[in-house]
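Student: Structure provided below as C-alpha cells; questions to follow.
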Amino acid sequence: MAIAQSNTAQWQALDASHHIHPFCDPKTLAERGTRVITSADGCYVHDSDGNRILDGMAGLWCVNVGYGRQELVDTATRQMSELPFYNSFFQSSTPSQIELAQKLSEITPGDLNHFFFANSGSEANDTVIRMARHYWHVRGKPEKYKFIGRNLGYHGSTLAATSLGGMKHMHDMGSSTLPGFEHIMEPHWYAHGGNLTPEEFGLRAAQALEEKILEIGADNIAAFIGEPVQGAGGVIDPPSTYWPEVQKICRKHDILLVSDEVICGFGRLGEWFGCQYYGVQPDIMPMAKGMSSGYLPISAVAFSDAIFETINEGGPIPHGYTYSGHPVACAVAHANIEIIEREGLVERVRDDVGPYLRERLKELSEQHSIIGEVRGAGLIAGLQLVKSRETREPFTAEDNAANICRDICLDKGLIMRAVGQAMVICPPLTITHAEIDEIIEKASAGLTETARKLGVA
C-alpha cells in the first residue's frame, strides 16, 4: 500500500538529521532527499511515494533469489524461536552453523571443505588476511605476509579490506591504507588492451602479477587476491586466458590464490562460484551477499584441506567475531542455498536468462553509439559509456555521464548503478525474460536521453 507523500518528507528530514550514508556526499543527499524504500517483491522495490521500481542491482549485488521469499522469513522465525543467538566461542556450536558448513562443503569446488563464518564481505576478507598470514607463520615463513591485489579491486571497506582493494578514492580517505599491500593492473582489455587480442592481453595482464612478484620477492608474499569479475570496479570481466595464467604463476611461486566470491558466488556467473566459470581452483575463497540473498548478514571463508591441516597444527586461532555463525543467519543461508538448488537457478543463469540478457544487451549496444563496450558474464553486466566508439574515448568525471544516466533511469523506474563512467546491472537470478525486456526498454530510453544531454550522436 502506498504511504502518504507527507511521510516521505518527514523521513527525509529525519534521515538527513541523524543517518550517515555510506559512499554518499551527505550535503548533496540532504539537499535532494533520500529515496525511502518501504517494501519489495520479486525483482521490484517500492518507495514511500508509491513508485514500483525494477531493481537491476539485486539490492547491492546480493538478492539472488529475489524479494519476498516467505520460506526464508519462516526459517528465520523458527530459528529465532528455538535459539535466537549463541556464539561460536567457548568451544561451542549450534546445529544451524554445523549444517550450513556441511552444505557449503557440498557446493564449493575441489577441497574447499573448511569454513570460518563472519558477517560481511569486509569481515571475510579481514579474515583472509589474518588466516593467510597465520598459515605462513605456522609453516615457519612469517616473512610471507604481503598481499597483491588489483587496481579497481574491491574487497570491502574496513581498514584492512580497503588496503587489500585497489580503490584510490577509498585509500585517500584519511590515508586509509596499511603497509603490506601491493596492486597491479586490472585485466580490462577495452581500457588497456590496445592492439592486442583479448587473449593476448589476458596473458599480458597476468604477467603483471609475475613482474610484481619478482619485484618484491616471492618469499615476502602471502597471497594474490582477485574477484573473478571485478564488480564495484565496473564489472571488469577478464579474457579467458587470464585466470588460468594467474593460477599457474601463483603455483610456480608458492603463493596462495584467493578468489573473492562475495559478488560472483552462488550462481551469479552461471556456476556456483566464479572461479569455476574461469576454470581455476583457489586455496582460499571468501563469500557473502548471495549466500543468504541479503536476507540476513552473513559471510564465510572457505579453506582448502591443505591450508586447514597446517592451521590445525598452529594452536589456538586468536580471531573471530561475536556474531560469527549467527544461528539465525546460518539457518536462512542454508534455506537460501536450498532454494537455489531446488529451483535450478545456477543452471537457469547459465542456460537461459544469462544468454538472453547478453543477447538483449548486444542489441542495445547496436542501437546506442554512447555504449563503447558491453562486458560481464551470466547475470552481471557493464555498459561502458563513451564519447566516441571509434576512438574508445571515455567520458571524464567532469562529464558525469554515468550519474546522469543513472538518475534518468531511476526516474523511469529502473535501478542501475553508475561506476566510473559505466552503467552496471546485477539483477536477481529469478528475473524473467519479460523483466529483462523491461530493463532493456528503460535503459534504452535512459541512454537516449543521456546522449542527447551530452551531445553524443
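Student: Of everything in region 246-278, what is farther than 22 Å from ALA306 by Cβ and surrounded by fewer than 24 Cβ atoms within 10 Å (Cβ to Cβ)? Give them in sequence order.
Tutor: Residues satisfying the conditions are GLY270, GLU271, TYR277.
Student: Something else about it: If you go through region 217-254, how many residues are in a strand (DSSP E or B) and either of a type in the set (Lys, Arg) or not assigned by TED's automatic domain parsing to the domain that holds GLN281 (or both)?
Tutor: Qualifying residue count, region 217-254: 0.
Student: Which of the numbered conditions does PRO239 fail, given that it passes all the others? Conditions: (1) within 27 Å of ILE340 (Cβ to Cβ); (2) surrounded by 21 or more Cβ atoms within 10 Å (Cβ to Cβ); (3) touching a Gly at 6+ places or on another chain (Cβ under 7 Å).
Tutor: Looking at each condition in turn, PRO239 falls short on (1).
Student: What pairs come up if the first residue lies in region 10-39 and is within 19 Å of MET173 (Cα to Cα), the second is exposed (fewer than 11 other Cβ atoms within 10 Å of the Cβ), and their beta carbons are under 7 Å apart, counting only those six or more places apart or on different chains?
Tutor: Listed pairs, sorted by first residue: PRO26/ILE20.
Student: Would you kindly identify the helices (runs of 4 or more DSSP H) lying entirely within region 1-63 that contain at least 2 residues that are surrounded by fewer than 19 Cβ atoms within 10 Å (Cβ to Cβ)?
Tutor: Those helices (runs of 4 or more DSSP H) span 5-18, 26-32.
Student: A follow-up question, please. Quick check on region 384-415: of everything there that is more than 9 Å from GLY372 (Cα to Cα) and among the polar types (S, T, N, Q), which residue is surrounded by the most Cβ atoms within 10 Å (Cβ to Cβ)?
Tutor: ASN400
Student: Hey, can you tell me all the residues within region 184-204 that are out of contact with any helix residue (DSSP H, G or I) (no Cβ under 6 Å at 6 or more places or on another chain) and surrounded by 21 or more Cβ atoms within 10 Å (Cβ to Cβ)?
Tutor: Result: GLU186, HIS188.
Student: Separate question: Taking the condition of being farther than 23 Å from ASP305 by Cα and modelled with pLDDT under 95, how many residues in region 88-120 meet it?
Tutor: Of the residues in that region, 1 qualify.
Student: With respect to ASN119, determine if the residue is under 15 Å from PRO327 (Cα atoms) and surrounded by 13 or more Cβ atoms within 10 Å (Cβ to Cβ).
Tutor: Yes: the conditions hold for ASN119.
Student: Being of a type outside the set (S, T, N, Q), out of contact with any Pro (no Cβ under 7 Å at 6 or more places or on another chain) and buried (at least 24 other Cβ atoms within 10 Å of the Cβ), is that true of even one residue in region 318-327?
Tutor: In the first step, residues of region 318-327 are kept if they are of a type outside the set (S, T, N, Q); the result is 318-321, 323, 325-327.
Going one step further and asking which of them are out of contact with any Pro (no Cβ under 7 Å at 6 or more places or on another chain), we end up with 318-321, 323, 325-327.
If we keep only those that are buried (at least 24 other Cβ atoms within 10 Å of the Cβ) as well, we get 325-326.
Yes, that holds for at least one residue.
Student: Then there's this: If I filter region 213-226 down to residues being crowded, with 24+ Cβ neighbours inside 10 Å and of a type outside the set (A, V, I, L, M), which single residue comes out as farthest from the chain's Cα centre (by Cα)?
Tutor: The selected residue is PHE224.
Student: Report, by residue number, each residue of region 416-435 that is surrounded by fewer than 24 Cβ atoms within 10 Å (Cβ to Cβ) and aliphatic (A, V, I, L, M).
Tutor: Within region 416-435, ALA418, VAL419, ALA434 meet the criteria.
Student: Something else now. Please find, among ARG452, ARG392, ARG417, the residue that is of a type in the set (Lys, Arg) and under 24 Å from the mean Cα position of the chain (by Cα).
Tutor: Within the list ARG452, ARG392, ARG417, the selection yields ARG417.
Student: Within region 153-168, identify whether any single residue is of a type in the set (Phe, Trp, Tyr), more than 16 Å from LEU257 (Cβ to Cβ) and modelled with pLDDT of 95 or more, and answer yes or no.
Tutor: yes
Student: Also, quick follow-up: Which of (1) free of Cβ contacts under 8 Å to residues at least 24 places away in the same chain; (2) touching a strand residue (DSSP E or B) at 6+ places or on another chain (Cβ under 9 Å) does PRO355 not meet, given it meets every other one?
Tutor: Checking PRO355 against (1) free of Cβ contacts under 8 Å to residues at least 24 places away in the same chain; (2) touching a strand residue (DSSP E or B) at 6+ places or on another chain (Cβ under 9 Å), the one that fails is (2).
Student: A further question follows. Specify which of the listed residues (ALA335, ALA306, ALA302) is touching a strand residue (DSSP E or B) at 6+ places or on another chain (Cβ under 9 Å) and either outside the structural domain of ALA223 (by TED's automatic domain parsing) or not basic (Lys, Arg) (or both).
Tutor: ALA302
Student: Residues being of a type in the set (Val, Ile, Thr), closer than 21 Å to VAL128 by Cβ and more than 21 Å from the chain's Cα centre (by Cα): count how many of those fall in region 178-212. Before the answer, list the steps.
Tutor: Applying the first criterion (of a type in the set (Val, Ile, Thr)) to region 178-212 yields 184, 197.
In the following step, the residues that additionally are closer than 21 Å to VAL128 by Cβ were identified as 184.
Still in the list and also more than 21 Å from the chain's Cα centre (by Cα): none.
So the count comes out to 0.
Student: Considering SER299, SER304, SER259, which residue is under 27 Å from GLY217 (Cα atoms), polar (S, T, N, Q) and out of contact with any Leu (no Cβ under 8 Å at 6 or more places or on another chain)?
Tutor: When all the criteria are applied, what remains is SER259.
The values are calculated or read from the model by the stated rules, or taken from the named source; none is laboratory data. Given the structure is predicted, the values throughout are model-derived calculations rather than measurements. Note that we place each Cβ from the backbone using ideal geometry, even for glycine, and neighbour counts take in every protein chain shown.
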